[in-house]
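Data block below; observations after.
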Amino acid sequence: MEKKMSEISIKHKFVVVEGPIGVGKSTLALRLSRKLGYRFLADTDAANPYLEKFYRNPRQYALHTQLHFMLSRIDALTSGVGADERHLSLADDGLVSDFFLDKDGLFAAETLDEQEFALYQRLLQRMGGALPYPDLVIYLQAPVEILIERIEKRGHKFEQRMDSSYLRRIVDRYESYFHQYDQSPLLVVNASEINLADNRQDFANLLQNIAEITAGRHYLNPIAEVS
């Protein structure tokens, strides 16, 4: 059985779960929030009216899609946290989010042309600078082939139009970004062969790793541990 919530000592008040589409970040973030008794801050992708159009015609709708994501995510952080500090206070309720505003630039750099990207960066710097910052980021990894299988399994029609080469480029951008990331403690999780949504032992192992993190970069690779 999972440990009782009262037995888990988590130091982090603002936890972000990130990773490419299909890796399971939303499911894990929701489960973490329930286990820890934290608020859950969901991504705004379901409310983006341009997303489906983007998958049909990326060039025409890239800027619309990215600006809507940026503004809606800033709104969600502002209303969900309700603070002007870069970090949540220990007195605040904990928060788990399934999106990281900083990663928006990965998609913007991939989909926007030079002038559009410059406009996007100006807006983001002006509007996002004072937002709270996570004190733990959990980065989920999985090979492109597994991501495609999971995307097909969940059956969102507009996602079926996604070009596998586009997904591969996004995965490469994630890898490069988090390879250099050092703004807060980071846990890199190989999520290709574990079930963090339903498997109690896998989830308990993740919780134990989170509880031990105070700073720096950490890795959870169940495949390597078994072998």
Within segment 109-140, the residues that are farther than 30 Å from Y38 by Cα, in contact with a Gly (Cβ under 9 Å, 6 or more places away or on another chain) and not hydroxyl-bearing (S, T, Y) are F117, Q121
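Restricting to segment 218-227, and then to whatever is hydrophobic (A, V, I, L, M, F, W, C) and at pLDDT below 90, can you tell me which residue is surrounded by the fewest Cβ atoms within 10 Å (Cβ to Cβ)?
If we take residues in segment 218-227 being hydrophobic (A, V, I, L, M, F, W, C) and at pLDDT below 90, then V226 is surrounded by the fewest Cβ atoms within 10 Å (Cβ to Cβ).
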Quick one: which of E212, E175, E152, E145 is out of contact with any Asp or Glu (no Cβ under 6 Å at 6 or more places or on another chain) and at pLDDT below 90? E152
If we scan segment 117-127, do we find a residue that is closer than 29 Å to Y219 by Cα and assigned to a helix (DSSP H, G or I)? no
Scanning segment 155-170 residue by residue, those in contact with a Phe, Trp or Tyr (Cβ under 8 Å, 6 or more places away or on another chain), assigned to a helix (DSSP H, G or I) and at pLDDT below 90 turn out to be F158, E159, R161
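Residue-by-condition table, conditions (1) at pLDDT 60 or above; (2) touching a strand residue (DSSP E or B) at 6+ places or on another chain (Cβ under 9 Å); (3) not in a helix (DSSP H, G or I):
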{"position": "L67", "(1), (2), (3)": "yes, no, no"}
{"position": "A76", "(1), (2), (3)": "yes, yes, no"}
{"position": "A83", "(1), (2), (3)": "no, no, yes"}
{"position": "L88", "(1), (2), (3)": "no, yes, yes"}
{"position": "F99", "(1), (2), (3)": "yes, yes, yes"}
{"position": "G105", "(1), (2), (3)": "yes, no, no"}
Matching residues in segment 208-217 - criterion: being buried (at least 17 other Cβ atoms within 10 Å of the Cβ) and either under 18 Å from the mean Cα position of the chain (by Cα) or part of a helix (DSSP H, G or I) (or both): I210
Being of a type in the set (A, V, I, L, M) and buried (at least 17 other Cβ atoms within 10 Å of the Cβ): is that true of L123 here? no
Just the residues that are modelled with pLDDT of 90 or more, out of contact with any His (no Cβ under 6 Å at 6 or more places or on another chain) and of a type outside the set (S, T, Y), please, taken from segment 178-199. F178, H179, Q180, D182, Q183, P185, L186, V188, V189, N190, A191
Kindly indicate the residue of segment 52-65 that is part of a helix (DSSP H, G or I) and among the polar types (S, T, N, Q) and also surrounded by the most Cβ atoms within 10 Å (Cβ to Cβ) among those meeting that condition. T65
Restricted to segment 179-207 and to residues being surrounded by 13 or more Cβ atoms within 10 Å (Cβ to Cβ) and out of contact with any helix residue (DSSP H, G or I) (no Cβ under 9 Å at 6 or more places or on another chain), the residue farthest from I10 (Cα to Cα) is S184
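The values are calculated or read from the model by the stated rules, or taken from the named source; none is laboratory data. Worth saying up front: this structure is predicted, and the values here are computed from it rather than measured. Neighbour counts are summed over all protein chains in view; Cβ atoms, including those assigned to glycine, are modelled from backbone coordinates with ideal geometry.
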